[in-house]
Each structure stands twice: as C-alpha cells, then as structure tokens.
1. Would you confirm, using the coordinates I've provided, whether V171 is in a helix (DSSP H, G or I), among the β-branched types (V, I, T) and within 23 Å of K61 (Cβ to Cβ)?
2. Checking L98 against (1) assigned to a helix (DSSP H, G or I); (2) farther than 28 Å from V80 by Cα, which test does it fail?
3. In the range 58-85, what count of residues is obtained for those that are exposed (fewer than 14 other Cβ atoms within 10 Å of the Cβ), touching a residue at least 60 places away in the same chain (Cβ under 8 Å) and not in a helix (DSSP H, G or I)?
4. Among the residues of the range 86-96, is there at least one that is over 25 Å from R180 (Cα atoms), surrounded by fewer than 16 Cβ atoms within 10 Å (Cβ to Cβ), of a type outside the set (G, A, S) and more than 26 Å from the chain's Cα centre (by Cα)?
5. Any idea how many residues of the range 114-145 are touching a residue at least 40 places away in the same chain (Cβ under 8 Å) and of a type in the set (S, T, Y)?
6. With the checklist (1) surrounded by fewer than 12 Cβ atoms within 10 Å (Cβ to Cβ); (2) at pLDDT 90 or above in hand, flag the one item K7 doesn't pass.
7. If you go through the range 146-193, how many residues are surrounded by fewer than 19 Cβ atoms within 10 Å (Cβ to Cβ), under 20 Å from the mean Cα position of the chain (by Cα) and without any contact (Cβ under 8 Å) to a residue 24 or more places away in the chain?
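The values are calculated or read from the model by the stated rules, or taken from the named source; none is laboratory data. In this text the structure is predicted, and so the values were computed from the model without any measurement. Quick reminder, even Gly has a Cβ in these numbers, built from the backbone with ideal geometry, and neighbours come from all protein chains shown.
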Amino acid sequence: MGINRVKQFFPILGVLIILALPGGQSAAINWPAIGAWALNWLRSFALFLILGGLAIWLIPKPLIRWSEVARRSPVKSFGVGIVILIAGYAALVILFVLLLASGIFFYSVRFSNLASLILNLGVPGAALVFGSFNLVVSYISKLVVVFLFGRLLLESIYPKALKHNFWPLLVGLVIYLLLRAIPWLGWAIGSVATLVGLGAIWLGLFSRSAAVEAAVEPPPPAEPAIQTTASEQQEGETNLPTPEPESVGVQDQPVVNPPDWAPELGNPSEDDMVKQDIVAEANSQDDVA
C-alpha cells in the first residue's frame, strides 16, 4: 500500500520539476539555461543537506520540537517570525552603531585603551552575533519547515520512513527547493518558510507548551514488575506465620439463661418447696394415724 502511494506521488514531482525549470512551460527547451539552473539547484541542495544533517546530528530534539510548534501554531509562528525578523536586525544595527560611537567617543576623550577594547572586542562580537542570527534566518528557519513538510508528506505516503529523521529531511528538502525554484511563487514560499520557521524557533525556545513537550518527549519508562517463580511463591506461603487461636476467658464467656425446666436440675423454687412441705406433712399425719 505504501509503495503504491509513493508511485502516485511521482507525477506530482514531475509537474513541480516542469514548473521549476527555466522555460519549462514553453515548447522550446533551453539546455544551457537548464544546465545552469540544475547546477545552482544542486548547490543549494548540497548546502541545505549538509546543514540539515548537522542539525539532525547535533540538535535532533530541538529540531523536532520546533517543527511540532510550527505544525500546531503556524499562524502564530508566522506572526512571531515577522516581529523577530524586524526586531532582530534592528537591534543588531543599533548595537553596532552604539559600539562604534562609544569607541569613537572614548578615543576622543583620550581613553584610548578602553576605546581599543570596545572596537577590538565589541565590534567583532557584534559581527559574530549578526552572522549567527543571519544563519538562523537564512537556513535554520527553513530547515524547520522543510523537516515538517517531509514528515507530513511521509505520514500520508510511507509512514515507515519516519523511523529515521534523515528521510523527512531529504523528501522535504527536494520538494521545498523545487517549489522555491518556481518563478513568481518561489520567493513567496521561501519568505513564508523563513517567517514560520523563525517564529517556531522562538516559541520553542522561550515558550514551550506542555502539549508540545508531551508530543515530543517520550514517556518515562515503567518500573519492571518483579516476577516470582512458582517455587518462590510456595516457599513464601509456607513461611507465613500461622495465626494463634484466640483464648476466650471465663469472664468473656456469654451468660446463658437457664430454660424453664432448669429448676428440676438445679436449686428448687419456692413453689416446689411449698409442695414438698405439704407432702411431708401429709406423710407425717399418715404415719401418726
């Protein structure tokens, strides 16, 4: 079933290639232009594949978490990405201007050591931060969307490939680069991917929700149950202490009321004593007579 779905995907891939090729819609084929396009496409593919492989190797869990954030909140990630893109570049420009102005100021007031320290350390540090931010904007943000797109596509056509993170990256990268190469549409797709990925990275770093953590992080392993053999169970049953019989004291024994015929067996009652007296008198009178 999965192989049939993969075969059904090939015509769609062919259509994307035709749309992405320069002059693909026209009848005449411009082979030099196609060769130059293919060379540029392969360069971009190799660069993204190397960076994506490093990301899968070094930061696999953050990459999966960021892709899940983009999957669950694409609109929010897009809006946050716009804010981060504008605010990030603006902050870096302001930082560079402040460092340069402070260095010039301290140099003018004869604090040459402090001015050289600011210019020699502050400006290269700001340049390093600018390069790192530009790397995230230009490549890492797109890799987040590429990885997400590959996972969504493989879930529908071949879920077994999701066992390895490389296959979603490869499939998503091929589709993304073909879509980005389409005239008049590629720049829009690249811009949306950059903003969504950048916002997902920010949300994944600073506002991770419990739902995302539960979806990405594996549950804690259950404690193994203690298995006992039949001999151990029998030995445990034999070692159990036997309960001691409860001794009932005399004072704790219940008092039983004697039945109605009890006077015959025990002490006579008053009526019986009167009857015995009458019988004794009658016998004595008979004896006298």
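1. Details: in a helix (DSSP H, G or I): yes; among the β-branched types (V, I, T): yes; within 23 Å of K61 (Cβ to Cβ): yes.
Here the answer is yes, as V171 does meet what is asked.
2. Here L98 meets the rest and fails (2).
3. Number satisfying all stated conditions: 0.
4. Of all residues in the range 86-96, those over 25 Å from R180 (Cα atoms) come to 87, 90-96.
Filter once more, keeping what is surrounded by fewer than 16 Cβ atoms within 10 Å (Cβ to Cβ): 87, 90-91, 93-94.
From the residues that got through so far, the ones that are of a type outside the set (G, A, S) too are 93-94.
Remaining after also requiring more than 26 Å from the chain's Cα centre (by Cα): 93-94.
Taking every residue of the range 86-96 in turn, at least one turns out to be over 25 Å from R180 (Cα atoms), surrounded by fewer than 16 Cβ atoms within 10 Å (Cβ to Cβ), of a type outside the set (G, A, S) and more than 26 Å from the chain's Cα centre (by Cα).
5. Just the residues of the range 114-145 that are touching a residue at least 40 places away in the same chain (Cβ under 8 Å), to begin with: 133, 136-145.
Filter once more, keeping what is of a type in the set (S, T, Y): 138-139, 141.
Residues that pass the stated criteria total 3.
6. The number of the failed condition is (2).
7. 4
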